[in-house]
Amino acid sequence: MTTGNDAATASLPALLAGVRRVGHRIPDDLSSLLAESVIRPLVQLVGPDAAGTAAEASDGDEFSVDVDADAELWRLAQEATRLRTTTEVSADASPLLIEATAALQNITCELASDPTEVAARIALLTELQSGLPTSIQAAPDGPYLVTNAPELTTWLGEPIPVRPEMALCRCGDSATKPFCDGAHAKNGFTGAKSPERVADQQDSYPGQQITVLDNRGICAHSGLCTDRLPTVFRQGREPFVAPSGGRMDEIVRAVRDCPSGALSFAIDGREARDQVDQVDQESRPPAIEVSKDGPYRVTGSIPLTGPDGEPEPRAAGASTEHYSLCRCGQSQNKPFCSGMHWYTDFRDPPPPAEPTLFQWAGGLPALTRMTRIFYTKYVPEDPLLAPIFATMSPDHPERVAAWLGETFGGPTRYTDAYGGYDRMVSQHANRSLTEEQRARWAQLIIRSADDAGLPRDPEFRAAFVSYIEWGSRIAVENSQPGAQPPPHMPVPRWWWVCGATPDARVSALAVQPDPEGPVVTLPADDQPISFEAHIRALFREMDRRSMKFVFDLWSHDDVSRHAEAILGRLRQGSMPCDGAWPTEKTDVFERWIQAGKPA
């Protein structure tokens, strides 16, 4: 009689042989991923003898050239998913199978060019592993294995396509972040904690109404508390926490916003972790945020297990509702973030040269922070606004943030979740809003933007405030008795003011760079000239910023395209704006043009 585990063991070499047969028939980037994230863990899983047999089987198979590699990989992805869900593979081997399954699911979805087909594949894979709970496992010296997580977003709140099984990069070196590409198997990554990590110790800071609890041992150094409430959380000062420096509601908000779960609070001498995590209210859905140049921020009580499949040990006072996982590979407290990304200069790919207002604002998290402050701090105490919002739904702040995000060029979350323009118009119909109420709303939402730390650049605020004025006046108009707003209009998309973008103007209060810039060594007359070696260095950071609204002076493509116009302005002395170049520098630029503008 063959047991389920025996069948699984027998099936793994067949799975490996099948994958090897089609690996060379798919695009190179996916073929490389197949080799590093599917074949490698499967070889490690079945052992060298079985792997050799599988290799012989794949080499000797009469695998017809007419076989559709996409269809075969889709079949193998389903088979791997069934094995992952129905077998009793040992705890040591299970992470390897899950890693391979995650990569196969991702590859087969990437190969399906039709979005409808992608959705159908994800639906079937989701059904196959529907019996598995949402979870995260830190694989041994490998990626985070994420099962059935419903939401993965960027730090701006933009959705990242999810698969039922995902392997998220943990070593920091993947070329396909946030997803694993097998780099950990080559760079010597280890998931061990450092003996030099900060001690696991929960400190207590008593106040009159509330006692703040803090464990530096699990702090991810996001800076949210010190940035938003510096009178209480005092960076570089002792004691670090001064509860008397802020209002109780502000402290509670700051503690709840701590992404690492290091902060908590006590009332009447007893820790109120359930209140911090708001377990008595509507629970947050499971979600993972890929923070900017930093850790994964996990919310919604997703269980975390270690390499052995057992619950990951937690520090004193740590939250299980929200926590931060290392993404740079250098944490001293793996798998949790210890803030080492600040010191290792961990960086994600740069953002677009001209972001949307949504991105400039800080995305959905920043807008949600602003609306929560507005509706919890200012509205209840305001006699003009409190009656209007007395019966608002509990998720009203999130709805308004989603509307603003979509308006400012972000994801269509409001339209997808709530109904778009017609829904928003219906919320104002027949409310007879007054100009006095509108003006107060605008005044306090702008104050909430200050409190939430939205950008203060004149250019951003010009665009932000202009929408607040325009949108609130439209709302008043639509709220009057007998008003007939045009139906089925699209959600508006707000634009820049006067073509302004981040860094288009250097602030007069900014730290000024050396006006002369770094010392530039000009090439000798007989020396080959190139953009990277000689031309890029001619333009200072301040030159680049002043022209960035037109083109990038540090981009070979941009400068090549506009070279003749730039040369003309250099000869006229109208560029740079603070003084003409010496003739010898201009001559070098012209010589580069004559040489064919080499990169």
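The values are calculated or read from the model by the stated rules, or taken from the named source; none is laboratory data. Predicted model only: the values in this text are computed from it and were never measured. No Cβ is skipped: glycine too gets one built from the backbone with ideal geometry, and neighbour counts run over all protein chains shown. Note: areas computed on protein heavy atoms with side chains; ligands, DNA, RNA excluded. Shrake-Rupley method; radii C 1.70, N 1.55, O 1.52, S 1.80 Å.
Structure above, values below:
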item: Number of the exception - PRO115 against (1) open to solvent by less than 40 Å² (accessible area, probe 1.4 Å); (2) at pLDDT below 95; (3) not small (Gly, Ala, Ser); result: (1)
item: Residue tally, condition under 19 Å from LEU433 (Cα atoms), outside any helix (DSSP H, G or I) and among the aromatic types (Phe, Trp, Tyr), over region 383-423; result: 1
item: Count - residues of region 204-221 that are touching an Asp or Glu at 6+ places or on another chain (Cβ under 9 Å), within 24 Å of LEU325 (Cβ to Cβ) and open to solvent by 40 Å² or more (accessible area, probe 1.4 Å); result: 1
item: Residue check for ALA318: among the aliphatic types (A, V, I, L, M) and within 17 Å of the chain's Cα centre (by Cα); result: no
item: Selection within region 125-144 - assigned to a helix (DSSP H, G or I) and either charged (D, E, K, R) or surrounded by fewer than 14 Cβ atoms within 10 Å (Cβ to Cβ) (or both); result: GLU127
item: Selection from region 314-340 of residues that are within 16 Å of VAL276 (Cα to Cα), open to solvent by 20 Å² or more (accessible area, probe 1.4 Å) and not polar (S, T, N, Q); result: ALA316, GLY317, ALA318
item: Qualifying positions in region 291-305 - β-branched (Val, Ile, Thr) and open to solvent by 10 Å² or more (accessible area, probe 1.4 Å); result: THR299, THR305
item: When residues of region 32-83 are limited to those that are open to solvent by 30 Å² or more (accessible area, probe 1.4 Å) and hydroxyl-bearing (Ser, Thr, Tyr), the one modelled with the highest pLDDT; result: SER32
item: Every residue from region 222-240 that is within 23 Å of ARG297 (Cα to Cα), buried (at least 18 other Cβ atoms within 10 Å of the Cβ) and either modelled with pLDDT of 90 or more or among the aliphatic types (A, V, I, L, M) (or both); result: SER222, LEU224, CYS225, LEU229, PHE233
item: Within region 472-494, considering residues that are without any contact (Cβ under 8 Å) to a residue 60 or more places away in the chain and farther than 18 Å from ARG438 by Cα, the one most open to solvent (accessible area, probe 1.4 Å); result: GLN484
item: Among the candidates GLY317, GLY294, residue that is touching a residue at least 24 places away in the same chain (Cβ under 8 Å), more than 15 Å from ASP200 (Cα to Cα) and in contact with a helix residue (DSSP H, G or I) (Cβ under 9 Å, 6 or more places away or on another chain); result: GLY294
item: Failed item, numbered, when PRO380 is tested on (1) in a helix (DSSP H, G or I); (2) open to solvent by 50 Å² or more (accessible area, probe 1.4 Å); (3) in contact with a Pro (Cβ under 9 Å, 6 or more places away or on another chain); result: (3)
item: Pair list, Cβ under 6 Å, 6 or more apart: region 564-590 residue within 22 Å of VAL519 (Cβ to Cβ), other residue at pLDDT below 85 and loosely packed, with under 13 Cβ neighbours inside 10 Å; result: ALA580/GLY573
item: Residue count for region 571-599, restricted to those that are open to solvent by 30 Å² or more (accessible area, probe 1.4 Å) and in contact with an Asp or Glu (Cβ under 6 Å, 6 or more places away or on another chain); result: 0
item: Qualifying residue in region 558-570 (condition: of a type in the set (S, T, N, Q) and open to solvent by less than 30 Å² (accessible area, probe 1.4 Å)); result: yes
